[in-house]
Amino acid sequence: TPWDVLSKEFGFSSQIFTPMKRGLKVIGLLNVYMANPHQFTEEEINFVTTAASQASSVVQNARMCCTLKNNIQELNVYKESLEKKIKKAYKKLYDSEEKYRDIFENANDCFYIHDAEGNFREVNNTALNLLGCTREEIIGTHMSEWITPESLNIARNCLENGLAGGPAEQQLVLEVICKNGEH
């Protein structure tokens, strides 16, 4: 009855309503209006039912697309936030590395880094000046080329003790052999 009043007001003589469903939930209505009186056939009713089902799929796909679009936007915002944090972390890391590199390079004492086999990986400027060589001449060489056999034994014992988890020596004195042969 309420639809009859509306249909007369808007000039519709025939109408059919079909629910658009997602599972058991009705998510909309597909309405077909005709200006002239019309008795809908079974085929027309089936067509409208099929159209309502397909329209329901379109509506669901549109909703999923909107949800995906929102998710993508949120992920992009999160990605930008992470990129800013990464840049900030890299900056702090770079600044820290630069600070400690400066301390290492310009210390008044000899500093060096070697691997577990005793090959030099890094030496500071003071050590280079003491040995009278360039960085290229020492990096990759074994410490046995730059210290006396007695000092090599001391260094090996210290290294083995450190690798075994023992306490570090407070001070390690090694006799070095300079590039010109001086000790």
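Between residue 176 and residue 13, the modelled label-to-label distance comes to 11.0 nm, taking each label 7 Å out from Cα in the direction of the beta carbon.
A Förster radius of 30 Å combined with the Cβ-Cβ distance from residue 105 to residue 153 puts the calculated FRET efficiency at roughly 0.55.
Ligands, DNA and RNA left out, the accessible area of segment 22-68 computed with a 1.4 Å probe is 62% carbon and sulfur. Near residue 91, once Lys and Arg are set to +1 and Asp and Glu to -1 for all other residues with Cβ below 15 Å from its Cβ, the sum equals +2. Taken along the Cα-to-beta-carbon direction at a fixed 7 Å, the label points for residue 83 and residue 35 span 5.7 nm.
Accessible area per residue (1.4 Å probe, heavy atoms of protein chains only) ranks 53, 7 as 53, 7, with the largest value leading. Once you list every other residue whose beta carbon is under 12 Å from the beta carbon of residue 103, what net charge do they have if Lys and Arg are +1 and Asp and Glu are -1? For residues surrounding residue 103, the net value is -3. For segment 67-183, the calculated P(r) over all alpha carbon pairs, in 10 Å bins from 0 to the bin holding the longest distance, is 12, 30, 23, 12, 10, 8, 4, 0 percent. Solvent-accessible area assigned to carbon and sulfur over segment 112-183 amounts to 51 percent, based on a 1.4 Å probe. Taken as Cα centroids, segment 60-95 and segment 17-47 sit 43 Å apart, rounded to the nearest whole angstrom. Largest to smallest in accessible area, the residues 90, 100 fall in the order 90, 100 (1.4 Å probe, all protein chains included). Shape annotation for segment 16-88: C-alpha extents along the principal axes are 72, 26, 15 Å, from largest to smallest.
Considering only the other residues whose Cβ falls under 14 Å of the Cβ of residue 55, what net charge follows from Lys and Arg at +1 and Asp and Glu at -1? Residues close to residue 55 contribute a combined charge of +3. Note: relative contact order over segment 1-116, using C-alpha pairs below 8 Å and six or more positions apart, is 17 percent. Given their separation in residues at 0.36 nm each and the Cα-Cα distance between them, residue 142 and residue 125 gain 4.3 nm when the chain is fully extended.
Here the Karplus curve 6.51 cos²θ - 1.76 cosθ + 1.60, taken at θ = phi - 60°, turns the phi angles of segment 135-149 into couplings of 4, 5, 6, 9, 4, x, 7, 8, 4, 5, 7, 10, 9, 6, x Hz, with x standing for Gly and Pro. Here the 3J(HN,Hα) profile of segment 120-132, calculated from phi with Karplus coefficients 6.51, -1.76 and 1.60 at θ = phi - 60°, is 5, 10, 7, 9, 8, 4, 4, 5, 5, 5, 4, 7, x Hz, Gly and Pro shown as x. The mean accessible area for residues of the chain, using a 1.4 Å probe and ignoring ligands and nucleic acids, is 76 Å² per residue. Computed from phi, the 3J(HN,Hα) profile of segment 27-40 under the Karplus parametrisation 6.51, -1.76, 1.60 (θ = phi - 60°) reads 10, x, 10, 9, 10, 10, 10, 10, 6, 9, x, 8, 9, 5 Hz, with x in place of Gly and Pro.
The values are calculated or read from the model by the stated rules, or taken from the named source; none is laboratory data. Treat the numbers as computed from the prediction; the structure is a model and nothing was measured. Every residue, glycine as well, gets a Cβ built from its backbone with ideal geometry; the counts of neighbours run over all protein chains shown. When the accessible area is computed, the model is the full protein with side chains, heavy atoms only, and any ligands, DNA or RNA have been set aside. Shrake-Rupley method; radii C 1.70, N 1.55, O 1.52, S 1.80 Å.
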